[in-house]
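For reference, the structure discussed in these notes is given below.
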Amino acid sequence: MLNEKIFKKLLDIGNLVADNEGFELVDMEFVKESGNWYLRYYIDKPGGVTLDDCQLVSMELSKMLDEMDPIPYSYFLEVSSPGVERPLKKDKDFIKYIGSMVEIKTFEKIDGKKNFTGILKNYSNDTVTIEDGKTYSIPKDKISAAKLKFEWNEEQE
């Protein structure tokens, strides 16, 4: 596992490359799966991300990561779109997606629940307001995971 200093350096590298190429760095993770380490960057831009976009950012990230060599062991680098159910992590994410359907999981029960799916109504003072027939105010520091929730309808099937 990586220490906080290395993790921050990887985030800084990802933000620098994404900004330089006109993208937003949505998320980054460093995980072990099936015995291999994966460094994943998730990028976005208005209108969505193409395979060519991912390849461009991957090439630039690869150059910087090879030059700085912040990870002391081998890993696979992946760059992709966050998908339609993108994570909500930053304050600006919650503000940007007010009015959208979201799914929120909390560390502890709030009003007897740990899982919430509904419309993101507001975000202020580090509190997320979500409505699913009932209104819930969820402190951001109690959120373990938040993401957009894609709604399938019959026309899309």
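The values are calculated or read from the model by the stated rules, or taken from the named source; none is laboratory data. Quick caveat: nothing in here was measured; it's all calculated off a predicted structure. Cβ atoms come from the backbone with ideal geometry, glycine included; neighbour counts cover every protein chain shown. The accessibility values were calculated without ligands, DNA or RNA, using every heavy atom of the protein model including side chains. Shrake-Rupley method; radii C 1.70, N 1.55, O 1.52, S 1.80 Å.
Across the stretch 1-127, the mean sequence separation of Cα contacts (distance under 8 Å, 6 or more residues apart), normalised by length, yields a relative contact order of 20 percent. Probing with 1.4 Å while keeping every protein chain in the model, the per residue accessible area of the stretch 1-129 equals 58 Å².
For the stretch 6-157, the share of accessible area belonging to carbon and sulfur comes to 48 percent (1.4 Å probe, ligands and nucleic acids excluded). Helix 51-68 and the long axis of the chain differ in direction by around 60°, with both axes built from C-alpha atoms. A cut-off of 5 Å between modelled amide H atoms, ignoring neighbours fewer than 5 places along the same chain, links Asn122 with Thr129. Apply 1/(1 + (r/R0)^6) to the Cβ-Cβ distance of Glu29 and Lys121, taking R0 = 30 Å, and write down the FRET efficiency to the nearest 0.05. Between Glu29 and Lys121 the formula returns 0.55.
When the surface is traced with a 1.4 Å probe over the full set of protein chains, Thr106 keeps roughly 10 Å² accessible.
By how many degrees, 0 to 90 and rounded to 10, does the Cα axis of helix 4-21 deviate from the longest principal axis of the chain? With rounding to tens, the tilt is 90 degrees.
If R0 is 22 Å, what FRET efficiency do you get for Lys92 and Tyr38 from their C-beta distance, rounded to 0.05? Approximately 0.25, to the nearest 0.05.
Once backbone amide H atoms are built at 1.01 Å from N, Leu77 has Leu39 as its partners under 5 Å, excluding neighbours fewer than 5 places away on the same chain.
Here the extension length gained between Met101 and Leu77 equals 5.6 nm, from 0.36 nm per residue of separation less the Cα-Cα distance. At full extension, Lys140 and Leu51 could sit 28.7 nm farther apart than now, given 0.36 nm per residue minus the alpha carbon distance. For the stretch 58-157, a crude dipole built from +1 on the beta carbon of Lys and Arg and -1 on the beta carbon of Asp and Glu, taken about the Cα centre, is about 540 debye to the nearest 20. Subtracting the Cα-Cα distance of Glu85 and Glu4 from 0.36 nm times their residue separation leaves 26.5 nm of extension gain. Per residue of the chain, the DSSP helices (runs of n ≥ 4 H) give a summed -39500 (n - 2.57) that works out to -8500 deg cm²/dmol at 222 nm.
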